[in-house]
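The values are calculated or read from the model by the stated rules, or taken from the named source; none is laboratory data. Keep in mind it's a predicted model, so treat the numbers as computed, not measured. All Cβ positions, glycine included, derive from the backbone under ideal geometry; neighbour counts span all protein chains shown.
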Amino acid sequence: MNNLGNLIGELCKVILPIPEESYKGNSDSEIAVCTLSSLELLKKIANSNLLSNISIVGRLLSENRGIDEIIRHVNQNKKIKIIIICGKEVWGHKAGHSLFKLHKNGFDDNRRIIGSSSPDPILTVSKSQVDYFRNNVNLVDMINETSINKIEKMITQ
């Protein structure tokens with residue numbers, strides 16, 4: 001990430017602090033949920049019985065650091081096989097879009113997500129970590145879905 005991007009990221013942390021990152025649920029579950037920028041949805045899921053059916057629920061606000069964290073998490077928690085991507089996309093960053101492009105295409109020699117239209121889709125994770133993610137985790141596209149009932153139906157079906 002470039003210096004300007006780092007500076008803006010740090011500034012956003014001060015101006016718009018977002019303390020909720022993720023909430024752990026059932027460590028035996030193979031399902032994770034990513035609510036993108038929908039923090040209210042994140043809180044609803046974290047405070048519902050649905051948390052007992054999923055391994056973790058978290059948000060994804062950036063096409064670089066956030067995706068790096070997801071890749072690291074699934075590599076450390078090999079039980080996770082499904083990630084449901086829901087909630088509203090992050091305007092300008094398109095983090096959900098970039099996650100799907102990474103899953104489909106991987107990244108190039110410069111660690112840039114192939115096919116991403118995000119402004120800074122450059123990762124720090126290793127190729128082997130990305131390969132594990134691409135080969136062992138399925139993504140479910142529910143981008144723009146904010147109904148906890150519809151998400152619950154997907155999880156419990």
Original post:
Is it the case that some residue within the stretch 13-32 is of a type in the set (A, V, I, L, M, F, W, C), at pLDDT 95 or above and surrounded by 13 or more Cβ atoms within 10 Å (Cβ to Cβ)?
Top reply: yes
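In the stretch 131-152, which residues are of a type outside the set (Asp, Glu) and either touching a Gly at 6+ places or on another chain (Cβ under 6 Å) or in a loop (DSSP other than H, G, I, E, B) (or both)?
The first filter runs over the stretch 131-152 and keeps only residues of a type outside the set (Asp, Glu), leaving 132-140, 142-144, 146-151.
Those that are of a type outside the set (Asp, Glu) and either touching a Gly at 6+ places or on another chain (Cβ under 6 Å) or in a loop (DSSP other than H, G, I, E, B) (or both): VAL137, ILE143, ASN144, THR146, SER147.
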Subject >> Where LEU61 falls short, out of the listed (1) under 20 Å from LYS24 (Cα atoms); (2) within 12 Å of the chain's Cα centre (by Cα); (3) modelled with pLDDT of 95 or more; (4) not hydroxyl-bearing (Ser, Thr, Tyr) >> reply: (3)
Original post:
Right, ASP109: surrounded by fewer than 16 Cβ atoms within 10 Å (Cβ to Cβ) and assigned to a helix (DSSP H, G or I) or not?
Top reply: no
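Here's the yes/no breakdown for (1) out of contact with any helix residue (DSSP H, G or I) (no Cβ under 8 Å at 6 or more places or on another chain); (2) among the hydrophobic types (A, V, I, L, M, F, W, C); (3) modelled with pLDDT of 95 or more; (4) on the phi < 0 side of the Ramachandran plot:
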residue	(1), (2), (3), (4)
ILE71	no, yes, yes, yes
ASN75	no, no, yes, yes
ILE85	no, yes, yes, yes
HIS93	yes, no, no, yes
ASN105	yes, no, yes, yes
ARG112	yes, no, yes, yes
ASN135	yes, no, yes, yes
LEU139	no, yes, yes, yes
ILE148	no, yes, yes, yes
**OP:** Kindly provide the set of residues from the stretch 103-141 that are within 22 Å of THR35 (Cβ to Cβ) and touching an Asp or Glu at 6+ places or on another chain (Cβ under 9 Å), ordered by number.
**Re:** ILE113, SER116, SER118, PRO119, ASP120, PRO121, LEU123, VAL125
Original post:
Residues in the stretch 137-155 that are out of contact with any strand residue (DSSP E or B) (no Cβ under 9 Å at 6 or more places or on another chain) and among the basic types (Lys, Arg): how many?
Top reply: 1
Subject >> Any chance GLU63 is more than 20 Å from GLN129 (Cα to Cα), in contact (Cβ under 8 Å) with a residue 40 or more places away in the chain, in a loop (DSSP other than H, G, I, E, B) and not polar (S, T, N, Q) >> reply: no
Original post:
Are any residues in the stretch 83-106 out of contact with any strand residue (DSSP E or B) (no Cβ under 7 Å at 6 or more places or on another chain), in a helix (DSSP H, G or I) and surrounded by 18 or more Cβ atoms within 10 Å (Cβ to Cβ), and if so, which ones?
Top reply: ALA95, HIS97
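Of all residues in the stretch 33-60, how many are surrounded by 18 or more Cβ atoms within 10 Å (Cβ to Cβ), assigned to a loop (DSSP other than H, G, I, E, B) and without any contact (Cβ under 8 Å) to a residue 40 or more places away in the chain?
Within the stretch 33-60, the first condition is being surrounded by 18 or more Cβ atoms within 10 Å (Cβ to Cβ), and the residues that meet it are 33-38, 41-42, 45-46, 50-51, 54-60.
Imposing the further condition that a residue be assigned to a loop (DSSP other than H, G, I, E, B) reduces the set to 35-38, 54-55, 59-60.
Adding the requirement that they be without any contact (Cβ under 8 Å) to a residue 40 or more places away in the chain leaves 55, 60.
The qualifying residues number 2.
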